[in-house]
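Take a look at the structure set out below.
The values are calculated or read from the model by the stated rules, or taken from the named source; none is laboratory data. Just so we're clear, the structure is a prediction, and the values are computed from it rather than from any experiment. Cβ sites come from the backbone with ideal geometry, for glycine too, and all protein chains shown count toward neighbours.
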Amino acid sequence: MSRLNLIPAQEAPLAPEWVTTEWMNHKGTLRLADLRGRVVALHAFQMLCPGCVSHGIPQAQRIATTFPDVAVIGLHTVFEHHAAMTPVSLAAFLHEYRIGFPVGVDAPGPMAGVPTTMASYQMRGTPTLVLIDHRGRVRLHAFGRPDDMAVGAAVATLVEAAHAPAAAQPAAEGGCSPDGCLA
């Protein structure tokens, strides 16, 4: 098993807001800010990406099943085969694969072929898993096929931290807590 190293909370950047054109499996717009206080597993995929279909999407579904308190969010971020991966095709894909978590359609970006959210998260491709802690900070950014056990351990660590008493958590931006002071 390869270990996934979480970015320390005090070094982790704030997660950028998603820029989407529409949402499926969710009514209205879903913003990252609406999920503050919860751990978020953002799974970026393309429905015609073999690694996404065989590994990434099933892993996201396992996260959703294993960790019901974690907000699993799909991001359909298309950077190739645009004509084949329309919202109508995506809706059929989500139905056929029984994907029930919310899925946003990444907005086209100013750079040719690279969608907006994909660019703001500096994703290398798909599938990409981004774990965001309860304070909205990017704690893990994994491209490809991370090991399920390692992902589970990372998610469990973030969930445990989210449920820890506030006094036991370090201050987000410097300052002191009962455990110590951050610079």
(message) Among the residues in segment 52-63, are any touching a residue at least 24 places away in the same chain (Cβ under 8 Å), closer than 15 Å to LEU129 by Cβ, within 12 Å of the chain's Cα centre (by Cα) and part of a strand (DSSP E or B)?
(response) no
(message) Here are the criteria: (1) over 21 Å from PRO146 (Cα atoms); (2) touching a residue at least 24 places away in the same chain (Cβ under 8 Å). Tell me which single one GLU11 does not satisfy.
(response) (2)
(request) Within segment 67-95, track down each residue that is over 20 Å from GLY125 (Cβ atoms), assigned to a loop (DSSP other than H, G, I, E, B) and modelled with pLDDT of 85 or more. (result) PHE67, PRO68, ASP69, VAL70
(request) Collect the residues in segment 96-131 that are hydroxyl-bearing (Ser, Thr, Tyr) and either in a strand (DSSP E or B) or closer than 17 Å to ARG62 by Cβ (or both), keeping them in residue-number order. (result) TYR97, THR128
